Amino acid sequence: MTLKDGYHAFDFADLTPREAYKVMIGTIVPRPIAWVTTISPDGVVNAAPYSFFNCLSADPPILALGIENKPDRSFKDTAYNIRMTDCFTVNIVDRVNVETMAITAAGFEPNVDELAMAGLTAAPGDKVKCPRIAEAPVAFECERYLGIEVSSAREIILGRIVRAHVREDIIDPETYYSDHEKLDALGRMGGNGYAGTMDYFDHPTPSAEDVMTGVKRRARPPQNINDA
């Protein structure tokens, strides 16, 4: 690590995985939360939240999950179930469900139904075998598209969205615009921190012409008032 011009510079080759993790999760914020539901080959429902998550493509519609393996490098229930069933559902976490979401993050044994522990309702999937969380405001049913083993410690799973469930008060079915206030989604910060999406503002992207006009205006030399 070096300090130059007011910035700490970290060479990731010199960091332990834990140190790299702390640098990333404390600064790449807020991260959307994928509240993932899967089902085992034996029919046991699993639910767990993951904040290494985002949408990557709309054509085809692709979501990405980053799932860390257990310390012994065996798969977590989520990754194992996805491999065995080729499907999963991403539920979006809103403020109302933060406590129940946290319960599903506890380290239960594989044969424990986290939704039952949290008092949540498993709604049957329409296109996939695994359920969605009925209390979640939004859910995306996904088929496994691709798995990328980036190391023995972590896998990136791409899922193709085959059906979305959006609570009726959130989305306009004609314009497809969603109301962020009705959704009230949460994102993950570092440590145990969370951030809401209610701190919202609009800032339009300027046209290239407007930017060039502003640059030219700033480049003009100041006028001498005696020239007037």
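Taking only the C-alpha atoms of the range 1-85, Rg followed by Dmax gives 17.0, 57 Å. Between A102 and A208, the distance separating the two model label sites (each 7 Å from Cα on the Cα→Cβ line) works out to 4.9 nm. Comparing I171, I39, I156 in a Gaussian network model of the chain (Cα springs below 10 Å), the most mobile by mean-square fluctuation is I171.
Per residue, the chain exposes 64 Å² of solvent-accessible protein surface, assessed with a 1.4 angstrom probe and all protein chains in place. Mind putting a number on the dipole of the range 157-207 about its Cα centre? Charges go on the C-beta only, +1 for Lys and Arg and -1 for Asp and Glu, and I need it in Debye to the nearest 20. Here the size comes out at about 440 debye. The equivalent ellipsoid of the chain has semi-axes of 40, 25, 17 Å, largest first, where each one is the square root of 5 times an eigenvalue of the Cα gyration tensor.
Note that the range 60-133, at 37 °C in a medium of 0.692 mPa s, gets a Stokes-Einstein diffusion coefficient of 237 µm²/s from its Kirkwood radius over C-alpha pairs. Can you tell which of A136, L63, V215 lies farthest toward the positive end of the dipole of the chain, using +1 and -1 charges on the Cβ of basic and acidic side chains (Lys, Arg; Asp, Glu)? In the chain, that residue is V215. Taking amide H as placed 1.01 Å from N in the peptide plane, the amide H of A105 sits under 5 Å from none that are at least 5 places away or on another chain. Out of T175, T38, T89, any idea which swings most in a Gaussian network model of the chain, alpha carbons joined below 10 Å? Residue with maximal mean-square fluctuation among T175, T38, T89: T175. Evaluated over the chain, the count of Lys pairs having alpha-carbon atoms less than 28 Å apart is 7 (only pairs 8 or more residues apart or interchain). Rounded to the nearest 20, the size of the Cβ-charge dipole of the chain about its Cα centre is 620 debye, with Lys and Arg at +1 and Asp and Glu at -1. When the charge dipole of the chain is built from unit charges on Cβ atoms (+1 for Lys and Arg, -1 for Asp and Glu) and taken about the Cα centre, the candidate among A195, I157, I103 whose Cα reaches farthest toward its positive end is I157.
The values are calculated or read from the model by the stated rules, or taken from the named source; none is laboratory data. Fair warning: this is a prediction, and the values are worked out from it, not measured in the lab. A quick note on method: Cβ atoms are made from the backbone with ideal geometry, for glycine too, and the neighbour counts reach across all protein chains shown. Heavy atoms of the whole protein, side chains included, go into the accessibility calculation; ligands, DNA and RNA do not. Shrake-Rupley method; radii C 1.70, N 1.55, O 1.52, S 1.80 Å.
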